[in-house]
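Below: one structure, written as structure tokens.
The values are calculated or read from the model by the stated rules, or taken from the named source; none is laboratory data. Everything quoted here is computed from the prediction, not taken from an experiment. Counting neighbours? That spans all protein chains shown, and the Cβs are built from the backbone with ideal geometry, glycine included. The protein model used for the area step is the full one, side chains on, heavy atoms only, and it has no ligands, DNA or RNA in it. Shrake-Rupley method; radii C 1.70, N 1.55, O 1.52, S 1.80 Å.
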Amino acid sequence: MIHFVGAGPGAPDLITLRGAQLLRQADCIVYAGSLVDPRHLEGAKAGCEIHNSAAMTLDEVIAVLERVHRSGGLVVRLHTGDPSIYGAIREQMDRLSQAGIPFDVCPGVSSFCGAAAALKAEYTLPGVSQSVIITRRAGRTPVPERERIASLAAHGAAMVVFLSAGMTKALQQELLEGYAADSPAAIVYKASWPQEKVLRCTVGTLAQTAAAHEVSNHALILVGGFLGEDYELSRLYDPAFTTAFRQGTEA
Ligand code: SAH
């Protein structure tokens with residue numbers, strides 16, 4: 001059996017209980033070494049076979065998963081954050097399906113949630129934005145034309161930009177096509193790691209802030225009014241508002 005497991009944003013205690021248990025039971029762990037904190041491997045059982053997928057191809061990863069599974073072993077394929085976000089798991093799952101190998105997925109805390117926690121922010125503020133756009137700039141992996149940062153920025157929604165901390169100059173230019181230069185922004189480097197940095201800035205000072213703090217990888221760029229001061233109170237906890245669980249003061 002193969003278990004795809006989300007490791008969470010970094011801190012070893014931000015993995016799920018299920019994920020931690022699977023790691024302790026694993027006969028083999030294949031982890032995404034460029035982003036997964038190696039402290040996650042400390043609880044592995046004696047004799048557990050460990051591979052860092054950062055130096056492997058898809059074929060090599062699948063060969064390990066298949067070999068250990070065929071010999072009756074339990075394999076954890078450990079991805080950073082939640083595996084469904086830029087995890088490249090679909091291609092692995094399809095190969096396993098083709099080979100008739102059973103697998104499941106254990107979700108994790110994505111770094112975009114870890115970054116909001118570091119900022120003590122709420123993405124979905126009433127009266128500000130009720131949508132979160134998760135995206136990236138095109139790098140060596142292309143992004144469909146219709147998802148250009150500039151056109152997404154036109155929504156003015158909360159935006160989280162992955163995989164783009166090394167391109168903040170171009171990113172800033174594109175964001176400025178939708179957000180005002182004084183719109184609040186933030187850079188969160190290694191959320192939940194001991195080296196975490198939380199840098200608040202504006203869209204207009206994004207590139208300068210990244211450069212000043214020497215952040216060029218392993219960081220998220222967050223943009224939108226949710227990082228500002230103004231918002232409306234929720235209906236949910238409004239004393240006047242009636243819900244299925246509470247009678248409000250309003251008729
Ligand atoms: N599946 C992961 C994302 C993998 S893509 C998740 O759900 O978080 C890798 C990118 O995620 C990095 O380039 C960076 O932009 C972001 N990232 C991952 N962990 C992070 C962390 N702890 N702090 C800030 N950004 C992080």
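Here are the numbers for the structure shown:
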quantity: Dipole in debye (nearest 20) - the chain, about Cα centre, beta carbon charges: Lys, Arg +1; Asp, Glu -1; calculated: 420
quantity: For the range 111-227, alpha-carbon Rg relative to the globular expectation (2.2 N^0.38 Å, N residues); calculated: 0.96
quantity: Of LEU233, LEU78, LEU176, the one that fluctuates the most in a GNM where the chain has Cα springs shorter than 10 Å; calculated: LEU233
quantity: Percent of Cα-Cα distances greater than 35 Å, calculated over the chain; calculated: 27
quantity: Fluctuation leader among ALA44, ALA63, ALA185 - the chain, Gaussian network, Cα springs under 10 angstrom; calculated: ALA63
quantity: Solvent-accessible area, 1.4 Å probe, carbon plus sulfur percent, for the chain; calculated: 53
quantity: Compactness of the range 2-106 as Cα Rg over 2.2 N^0.38 Å, two decimals; calculated: 0.95
quantity: In sequence order, calculated HN-Hα J values of the range 139-144 (Karplus, 6.51, -1.76, 1.60; Hz; x Gly/Pro); calculated: x, 6, 8, x, 10, x
quantity: Selection from SER216, LEU171, THR205, by position along the positive dipole direction of the chain (Cβ); calculated: SER216
quantity: Mean Kyte hydropathy of -1.0 or more with a Cα span along the axis of at least 15 Å, helices from DSSP in the chain; calculated: 58-70
quantity: Inter-part distance where the range 202-251 and the range 180-199 are each reduced to a Cα centre, Å; calculated: 14
quantity: For the chain, built as a Gaussian network whose Cα springs stay under 10 Å, the top-fluctuating residue of PRO184, PRO142, PRO102; calculated: PRO142
quantity: DSSP-defined beta bridges in the range 2-106 - what % are antiparallel, rounded to 5; calculated: 5
quantity: Rounded to 5, percent antiparallel among DSSP beta bridges of the chain; calculated: 40
quantity: Sum of side-chain charges, ILE101 neighbourhood, beta-carbon under 12 Å (Lys, Arg +1; Asp, Glu -1); calculated: +1
quantity: Solvent exposure of the chain as accessible area per residue, Å², 1.4 Å probe; calculated: 52
